[in-house]
Amino acid sequence: MAYGENEAASSDPIAGSSRKRQGTICCPGMTSTATTHLDAGSDTRARLAGALHVLAVFIVFCAVLLVLSAAWEWWRRSEILDHWPVASATIRSCSLRRSFPFQRNGGGIVFWIRCDLEYSVDGSTYSTRLDSSNRHAGRSGKLYTLRGGSFVVEWPEREFGAWLRRHPHGSSLPIRYDPAHVGSATLVGADPVVDVDPVPGSLLGVAVFAVLALSAWLGARRLQRPTAS
């Protein structure tokens, strides 16, 4: 019987070839589908890697601009502190100013002090209006800033208010004026409340940008690694 069954199977070439085709039809389709999914995944990873590379370049560009800004501000302040003479100005009026540039987006508040001053140089009296450094705070009024190598919490409105109480009408305030244009004055170097050196904050921003750029670059490199099939 076994011999007869084998003979019958071998004598039916159409059935045999059909069984062979049925055994191999699924393989090409599965291979094609797997290849399609692999290609789609590779394309997605390549696009993400390219986007991260672009982001890293943009962040580096912003960091370079911030470095240039910090260098310019450092040079400007050094020139003023080293070469501009000091004069004792009389306060005619000072007031606290507020601005809400991002109020629609739930942003914070910008505080600064504006003073009308008079000072004399070589017998001539000059009047000027000077603004202090801006202080940005959240809607709660808090400001997180870097001071003395550590982060501290400040309340700009309270700090400016206390400064105004210490500097009423008629009190004096040291200012610096341009020796080439005596009528041009500044509060740079006046005191740490109305004059805040922006360079440390800019350098902190550069450090943050550097970390972000490095993270984006490492993410792009990781996406470019070949995946196991």
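Name the residues in the stretch 131-163 that are in contact with a helix residue (DSSP H, G or I) (Cβ under 7 Å, 6 or more places away or on another chain) and at positive phi, would you?
Hit for the stretch 131-163 is GLY141, nothing else.
Of all the strands (runs of 3 or more DSSP E) wholly in the stretch 117-204, which have at least 3 residues that are of a type outside the set (A, V, I, L, M, F, W, C) and closer than 26 Å to ALA89 by Cβ?
So the answer is 124-131, 172-177.
For the stretch 132-149, check the following and say yes or no: at least one residue is modelled with pLDDT of 95 or more and among the basic types (Lys, Arg).
Within the stretch 132-149, none of the residues are modelled with pLDDT of 95 or more and among the basic types (Lys, Arg).
Are there any pairs with C-beta distances below 8 angstrom linking a residue in the stretch 150-165 that is under 17 Å from SER99 (Cβ atoms) to a residue that is among the aromatic types (Phe, Trp, Tyr) and surrounded by 10 or more Cβ atoms within 10 Å (Cβ to Cβ), with the two at least 6 apart or on different chains, and if so which?
Pairs that qualify, where the first residue is under 17 Å from SER99 (Cβ atoms) and the partner is among the aromatic types (Phe, Trp, Tyr) and surrounded by 10 or more Cβ atoms within 10 Å (Cβ to Cβ), are PRO156/PHE111; GLU157/PHE111; PHE160/PHE111; PHE160/TRP112.
Return yes when HIS181 is surrounded by fewer than 13 Cβ atoms within 10 Å (Cβ to Cβ) and either closer than 27 Å to ILE80 by Cβ or in contact with a Phe, Trp or Tyr (Cβ under 8 Å, 6 or more places away or on another chain) (or both) and no when it is not.
Answer is yes for this residue.
Hey, can you tell me all the residues within the stretch 203-229 that are among the hydroxyl-bearing types (Ser, Thr, Tyr) and at pLDDT 75 or above?
Within the stretch 203-229, SER215 is the sole residue that qualifies.
Listed here are the residues, each with its yes/no results for (1) touching a helix residue (DSSP H, G or I) at 6+ places or on another chain (Cβ under 8 Å); (2) crowded, with 17+ Cβ neighbours inside 10 Å.
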{"position": "ARG47", "(1), (2)": "no, no"}
{"position": "LEU55", "(1), (2)": "yes, yes"}
{"position": "PHE58", "(1), (2)": "no, no"}
{"position": "ALA70", "(1), (2)": "yes, yes"}
{"position": "SER93", "(1), (2)": "no, no"}
{"position": "PHE100", "(1), (2)": "no, no"}
{"position": "LEU117", "(1), (2)": "no, yes"}
{"position": "ASP122", "(1), (2)": "no, no"}
{"position": "ARG129", "(1), (2)": "no, no"}
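Go through the stretch 187-222 and count every residue that is closer than 17 Å to TRP84 by Cα, crowded, with 18+ Cβ neighbours inside 10 Å and in contact with a helix residue (DSSP H, G or I) (Cβ under 8 Å, 6 or more places away or on another chain).
1
The values are calculated or read from the model by the stated rules, or taken from the named source; none is laboratory data. In this text the structure is predicted, and so the values were computed from the model without any measurement. Reconstructed Cβ throughout: ideal geometry from the backbone, glycine too, with neighbour counts over all protein chains shown.
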